[in-house]
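One structure is given here, and the rest of the page talks about it.
Bear in mind that the values in this text are calculations on the coordinates, not laboratory data. These numbers come from a predicted model, not from an experiment. As a convention, Cβ positions derive from the backbone with ideal geometry for all residues, glycine included, and neighbour counts pool all protein chains shown.
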Amino acid sequence: MSDRADPGEELLAGIAARDYARIAACFADDAGFHVLTPKPQLRDHASSEEAAERYRFWLESFDEYELLEGDVVEIADRIRIRYLFRGLDPEHGWQLNEHTGYARVEDGRIRLLTLTCTGFRPTPGP
């Protein structure tokens, strides 16, 4: 895989650690981040900080959290970023969620990421 995939791997590492500064650093300052949720609702974000805040919204409330799997695959001039995580929500119990996104990378940072989300699905604990 070429260097173009490096921001994808770094994004997975940031998600695994719930490190929002590391997540923000994966995106260009004025990056686009579009998320389709199951409601259905399209959420548009227009900066690296807004992207990191979306991840904070998804992950911060979990008492326990684990990135179960993830991969980055180069597809022509894009990268596919896919990951599955599980967390213990204090109000709703164990939740499972998978995201799949396609990113355009420029100058070593994500310029645009379009992501789909399964939504938080109830699941048995580990």
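In region 58-104, which residues are hydroxyl-bearing (Ser, Thr, Tyr) and more than 22 Å from Pro124 (Cβ to Cβ)?
Within region 58-104, the first condition is being hydroxyl-bearing (Ser, Thr, Tyr), and the residues that meet it are 61, 65, 83, 100, 102.
Selection gives Thr100, Tyr102.
Go through region 83-115 and count every residue that is touching a residue at least 12 places away in the same chain (Cβ under 8 Å) and either among the polar types (S, T, N, Q) or over 19 Å from His45 (Cα atoms) (or both).
19
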